[in-house]
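The values are calculated or read from the model by the stated rules, or taken from the named source; none is laboratory data. Since we're looking at a predicted model, the values are computed, not measured. So basically every Cβ, Gly included, is an ideal-geometry build from the backbone, and we count neighbours across all protein chains shown. Heavy atoms of the whole protein, side chains included, go into the accessibility calculation; ligands, DNA and RNA do not. Shrake-Rupley method; radii C 1.70, N 1.55, O 1.52, S 1.80 Å.
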Amino acid sequence: MRTQQTDLVIAGARIFDGRSDRAAENQAVWMSGGRIRRVGPAVDVLREATATESPRIVEANGDTVVPGLVNMHVHLDLALPGDLARVAMLNEAELALHMAEEARLTLLAGVTTVRLTGTYNHVDFSLRNSIEAGRTLGPRIRTAGQLVCSTGGHGWQRSLEADGPAEFARAVREQIKHGADFIKLALSGGMAGEHEKVTTSQLREDELDAVLEVAHAWGRKVTTHAGPAGPTLEAVRRGIDCVEHGYELTDELCRLMIERDVTYVPTITVTRCREFFERHNMPRWMQDRALAWGDRHWESLENAIRHGVTIAMGSDMPPHAEFDGTSATVRELEFMVEAGMTPQAALVAATSTGARWLGLEEEIGCVREGAYADLLLVQGDPLADISAMRDLRMVVKDGNPVLDQQP
Ligand SMILES: [Zn+2]
């Protein structure tokens, strides 16, 4: 993103900083040079900002500033059976353009950082670099490169297949060579694989160990697509850093995840988005399988919340995809609250928790001095009603208002 030109002050706002128990009232945030320069009582910040600069001042009128959202499970090249199968037919140039447009829409939906959990053929690295250089409009990207799976394993069509510890070690090194920020594995079957069940175990323990050893030696975390309880428990025991979906989180698994400080990204929308499936003409077998897992998946999320597992927000569906009258990202937050989280906890999951997993807790997912000026102005109070996140007045990235809907 280009460096912010004009200083920006959002004044008269309730500010939620991404981690505190409550928001602070009647605050202002001053953004300068792409960073947050000052946060504090509106009168003080305004006085300081106008004493030396001529900032643009946006009057929040009691609306709420929250950190830009961090969506921890995203595929900008999502290709699924049905209409989205066309994405798999794009050549690399077309795919890059497609992903750039998805990135732009994602940012406009209030998601200022994405963690890409598996992308075809390294297009993600070019896109990440182009966004960082300010040539393409999109969220900050942290990416795994290609998903690593066993031959014929979950998502094999767009992933790097490996068999045996030596090949898995090489697959991990291959991703790191191209610039992977972390590693994404497929431990078991999932919703979109025709020849597998959600419960199919797809990784041998020596393969898993090889991945963890190499990735950790290079300072990269490892997350895994995870369905059944047994293999997921084994992965947590062996040192995995994050669990995606977790369709079968048992009490034992939740306890172990807490003990080992493993983060859970539920992507709960994937088992309850009939509308999205139908709009994209997904085949009946896939819809049935996904929706049939709805109850068990929901119990997993409730279980994780009850035990106090660290939860980060991820949608798996395109973050901006229209779903129940809002975006998949905001709907995911609403589901998290319906499953038992407070709105405050859901917002923490969607901001500072993801930032911490990515090692970016000082830079993003917060509203604090010195951090990147990535934030949202939302109408009303999302800490009282999470659905306030549906009404975005502003999306600011690097101090630049990329969405600006002032009354
Ligand atoms: Zn995924």
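Which residues make up the longest stretch of the chain clear of trypsin sites (Lys or Arg not before Pro) that lie in a DSSP loop with no more than 13 other Cβ atoms within 10 Å, not counting the sites?
Counting at most 13 other Cβ atoms within 10 Å as exposed, the longest clean stretch of the chain is 261-407.
What angle, in degrees between 0 and 90 and rounded to the nearest 10, separates the Cα long axis of helix 92-108 from the longest principal axis of the Cα atoms of the chain?
Tilt relative to the chain: about 50 degrees.
Which value at 222 nm does the chain reach when only helices count, each DSSP H run of 4 or more adding -39,500 (n - 2.57), with the total divided by all residues and rounded to the nearest 500 deg cm²/dmol?
It comes out at -10000 deg cm²/dmol, rounded to the nearest 500.
Accessible area per residue of the range 69-357 at 1.4 Å probe, in Å²?
On the way: 10270 Å² over 289 residues.
About 36 Å² of surface per residue is accessible.
If you roll a 1.4 Å probe over the chain with all protein chains in place, what percent of the accessible area is carbon or sulfur?
Taking all protein chains in place, the chain shows 47 percent carbon and sulfur surface.
Could I have the simple spin-label model distance between D44 and E234, label points 7 Å from Cα toward Cβ, reported in nm to one decimal?
Placing both labels 7 Å beyond Cα along the Cβ direction yields 5.6 nm.
What's the FRET efficiency of Q406 with R135 using the Cβ-Cβ distance as r and R₀ = 25 Å, to the nearest 0.05?
Once the sixth-power term is evaluated, E becomes 0.35.
Within the chain, what's the longest run with no GluC sites (Glu not before Pro) in a DSSP loop and at most 16 other beta-carbon atoms within 10 Å? Give the range, please.
195-361
I want to check the label-to-label distance for E25 and T342. Put each point 7 Å from Cα in the C-beta direction and report it in nm to one decimal.
For E25 paired with T342, the spin-label model returns 1.7 nm.
Where q = 0.14, 0.20, 0.21, 0.27 Å⁻¹, what log10 of I(q)/I(0) comes from the Debye formula for the range 63-117, counting one point per Cα?
Taking Cα atoms of the range 63-117 as identical point scatterers yields -0.44, -0.77, -0.82, -1.10.
As an exercise, identify the chymotrypsin sites (Phe, Trp or Tyr not before Pro) in the range 208-273 lying in DSSP coil whose Cβ has no more than 14 other Cβ atoms within 10 Å.
W218
For the chain, I need the span (max minus min coordinate) of the C-alpha atoms along each principal axis, in Å, sorted largest to smallest.
65, 43, 42
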